[in-house]
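Colleague: Pasting in a structure now, in structure tokens, and then I'll have a few things to ask.
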Amino acid sequence: MRLTCCRSFYLTKTGMKKILLVLGIVVLALAAVVVVNTLRFPTATQSKSEPLPALPDSAVQHFQQALQLPTISWGLDKPIDTAAFRGFNQFLQTAYPRISSQLSRQAFGEFSYLYHWKGSDSTLPPIVLMGHYDVVPVEAVAEKMWRQKPFSGALVGDTVWGRGAVDDKGAVIAILESVENLLRNGFVPKRSLYLCFGHDEEIGGTRGASKIAAWMKAQNIKAHFVLDEGGMIKVDEKIASQPLGVIGIQEKGYASYKLQVELPGGHSSQPAPETAIDILAKALAKLREKPTPANMPEATQEFLHATATASNSFATRMAVANQWLLGSVLNSQLSKDRQTSAMIRTTLVPTIVDAGVKDNVIPTVATAVVNSRIIPGETPETVKEYIRKTINDDRVQISGYDENWWAPSGKTNTNGVAYKAVTGSLKKVIDNPVPAPYLVIGATDSRYFRPISSEVMNFSASTFMEGYHGIDERLPVSEYRRMIAFMTHLIKDSQ
Ligand SMILES: [Zn+2]
């Protein structure tokens, strides 16, 4: 039988050549667009900083004294060493006499403090500068590994050592030194300042910062901006040829989910083909098998754009400049690193697994807790739905784990005056910085302040971040000095 139906689709050699020619032209045109976009991609500007003012010896001594006080947050239900926290209060009075006598102060949750430096123009919205002075514990096994004792506050060469040097006493003391010095010089702010020092950030900030923010909201205070920990100056030639001022402008959401499977257990000598533990284990494996879908938020877009302007890598600039074509390549590249992966997607990870009471009894109930950090654009509800669909097994009940959850925060405007004040001050303390706004993937106390300000930022003017929550936490005096200079510029320049 002759096949007649498809004769019209038969291609001659010339026809094939034409198609190849058209394809070739399309590929060349695409390549040309990609190259032109890459070449036209902006390049970071250069700038010259101002000399950093000299530090009085007392500034370093105060930092050392603060580090010597073991203001440890052990856990939500664990008692604190009240003597250390009282000692810190005493230290504040002694080291900062002008702040103590000229600013008003309220305590929240006994040990968190809100100082108010009244400005001369009460119509201007105030600034909130914040930090926390509680620190995480040092594990007994890790203590021996420290090169200097964790609560020694030792000054060795150009470096001050101690738990909290980076996270976050350095920032707290930098604010205090800067304000005390401005008071000493007779500076009177036009705009009021609030200095907010939390004592329980490491365990959620529910007794300190959250109460302070709630009080400010009740007073109808709308802040010009809020600045907290959570950013830094990143100097890394591999990423960018100029220092990156990594400034947090938005925080991910947070939620934990409880997964529960109930199935009659029994004697372990005659197990059924599937047990509650098996079903739960499969559910967890499905969640972890592949990452959640990438959902690039605007804040990460802005970060990539800024980083690429200072990148020496043609490939990086090409990928960022041509996301319409290379978006998936960029996503898969970012997904390879756990930090950048967390900047483009919601994360899910089991943190608690619980089942069984005895080695020869198959348990009837198996539960797990899955913690999630939620990318802007998604919500605790949509994440729950994703978990349900991915597990796709009705025997696994999914519910919210506790009341401790929040949606992703709003985003600070990177064209606004508050952000510009921070980047302007940054330019005064280091040469050629490139402001790189980013999505904060952890959680800080500043999230409580979103209701009182749309302009919340996370930044410390330090290039050094080693050892926090780990071993050998320390801060070079040169960085501490830069942080104080930055604070002083910021206070003066945002009036
Ligand atoms: Zn911290």
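Colleague: Give the long-range amide H neighbours of T159: residues separated by 5 or more places, or on another chain, with amide H under 5 Å away, using H modelled in the peptide plane at 1.01 Å from N.
Modeller: V477
Colleague: So if I take the alpha carbon set of the stretch 84-239, get Rg, then get Rh from the Kirkwood formula, what is the Rg over Rh ratio?
Modeller: Ratio of gyration radius to Kirkwood radius: 1.00.
Colleague: In addition: Where does each of V477, V349 land when they are ordered by accessible area, with a 1.4 Å probe and the largest first?
Modeller: V349, V477
Colleague: Right, here's the next one. Rounded to whole Hz and in sequence order, give me ³J(HN,Hα) for the stretch 85-101 from the Karplus expression 6.51 cos²θ - 1.76 cosθ + 1.60, θ = phi - 60°, writing x for Gly and Pro.
Modeller: These are the phi-based 3J(HN,Hα) values: 5, 5, x, 5, 4, 4, 4, 4, 5, 6, 6, 10, x, 6, 4, 5, 9 Hz.
Colleague: Turning to a different aspect of this structure: Considering only DSSP states other than H, G, I, E and B, which GluC sites (Glu not before Pro) in the stretch 270-370 qualify as loop sites with at most 13 other Cβ atoms within 10 Å?
Modeller: Here the GluC sites (Glu not before Pro) that fit, given the DSSP loop and packing criteria, are E274.
Colleague: Relative contact order for the chain using alpha-carbon pairs under 8 Å, separation at least 6, rounded to a whole percent?
Modeller: Taking the mean separation of contacting Cα pairs over the length of the chain, I get 25 percent.
Colleague: Using a simple spin-label model with points 7 Å from Cα along the Cα→Cβ vector, what separation in nm is obtained for V35 and R395?
Modeller: Taking the two extended label points, one gets 6.0 nm.
Colleague: Please figure out what share of the DSSP beta bridges in the chain is antiparallel and state it in percent, rounded to the nearest 5.
Modeller: 70
Colleague: Kindly count the pairs of lysines across the stretch 251-400 whose alpha carbons are less than 29 Å apart, treating pairs on different chains or eight or more residues apart as eligible.
Modeller: Lysine pairs meeting both conditions in the stretch 251-400 amount to 27.
Colleague: Between S268 and Q90, what is the spin-label point distance in nm, taking each point 7 Å from the Cα along the Cα→C-beta axis?
Modeller: 5.4
Colleague: When the helix-only estimate is applied to the chain (DSSP H runs of n ≥ 4, each -39,500 (n - 2.57), divided by the residue count), what is the mean residue ellipticity at 222 nm, nearest 500 deg cm²/dmol?
Modeller: It lands at -11500 deg cm²/dmol.
Colleague: Mind listing the phi-derived Karplus ³J(HN,Hα) values for the stretch 279-287, rounded to whole Hz, using 6.51, -1.76 and 1.60 with θ = phi - 60°, and x for any glycine or proline?
Modeller: Using θ = phi - 60°, the values come out as 5, 5, 4, 5, 4, 5, 4, 4, 5 Hz.
Colleague: Okay, next question. Full-extension gain between E385 and F314, please, as 0.36 nm times their residue separation minus the C-alpha to C-alpha distance.
Modeller: 21.6 nm
Colleague: Another question, then. Express in nm, to one decimal, how much length is gained between V235 and K258 on full extension, taking 0.36 nm for each residue of separation and deducting their alpha carbon distance.
Modeller: Result for the pair: 4.2 nm of gain on full extension.
Colleague: Additional query: Over the stretch 251-400, one equal point on each Cα, no solvent: what is log10 I(q)/I(0) by the Debye formula at q = 0.11, 0.13 Å⁻¹?
Modeller: For the stretch 251-400 at q = 0.11, 0.13 Å⁻¹, log10 I(q)/I(0) is -0.54, -0.67.
Colleague: Turning to a different aspect of this structure: Pop out the carbon and sulfur fraction of the accessible area of the chain as a percent, whole number, probe 1.4 Å.
Modeller: For the chain, the apolar C and S fraction of the accessible surface comes to 56 percent.
Colleague: What longest range of the chain stays clear of loop-exposed chymotrypsin sites (Phe, Trp or Tyr not before Pro) (DSSP non-H/G/I/E/B, at most 14 other C-beta within 10 angstrom)?
Modeller: The answer is 188-495.
Colleague: I've got another one for you. Amide H neighbours of G400 under 5 Å, counting only residues 5+ apart in sequence or on other chains, H built in-plane at 1.01 Å?
Modeller: K258
Colleague: Moving to a separate point now. How high is the relative contact order of the stretch 251-400? Use alpha-carbon pairs under 8 Å, at least six apart in sequence, and give a whole percent.
Modeller: 46
Colleague: Moving on to the next point. Calculate, in nm to one decimal, what V417 and K358 gain on full extension: separation in residues at 0.36 nm each, minus their alpha carbon distance.
Modeller: Going from the current span to full extension adds 15.0 nm.
Colleague: Before I look further, what does the stretch 388-495 give for accessible area per residue, probe 1.4 Å, in whole square angstrom? Before the final figure, lay out each step's value.
Modeller: Numbers: 4300 Å² over 108 residues.
Ligands and nucleic acids excluded, the figure is 40 Å² per residue.
Colleague: Which translational diffusion coefficient, to the nearest whole µm²/s, is obtained for the chain from the Stokes-Einstein equation, given a Kirkwood hydrodynamic radius over C-alpha pairs, 25 °C and 0.890 mPa s?
Modeller: Answer, rounded: 96 µm²/s.
Colleague: Loop only by DSSP, 10 or fewer other Cβ within 10 Å of the Cβ. Give me the GluC sites (Glu not before Pro) in the stretch 377-474 that pass, ordered by residue number.
Modeller: E403
Colleague: Can you compute 3J(HN,Hα) from phi for each residue in the stretch 238-244, using the Karplus curve 6.51 cos²θ - 1.76 cosθ + 1.60 with θ = phi - 60°, rounded to whole Hz and x for Gly and Pro?
Modeller: 5, 8, 8, 7, 10, x, 9
Colleague: R0 = 60 Å: FRET efficiency of L325 with W405, Cβ-based, nearest 0.05?
Modeller: Efficiency computed from Cβ-Cβ geometry: 0.95.
Colleague: Of all beta bridges DSSP finds with both residues in the stretch 109-229, what is the antiparallel percent, to the nearest 5?
Modeller: Working: 7 of 16 bridges.
The answer is about 45 percent antiparallel.
The values are calculated or read from the model by the stated rules, or taken from the named source; none is laboratory data. Here the structure is a predicted model, which is why all the values come from computation and not from measurement. Positions of Cβ are generated from backbone atoms using ideal geometry, with glycine treated the same way; all protein chains shown enter the neighbour counts. Quick note on the areas: whole protein, heavy atoms, side chains included, nothing else; ligands and nucleic acids left out. Shrake-Rupley method; radii C 1.70, N 1.55, O 1.52, S 1.80 Å.
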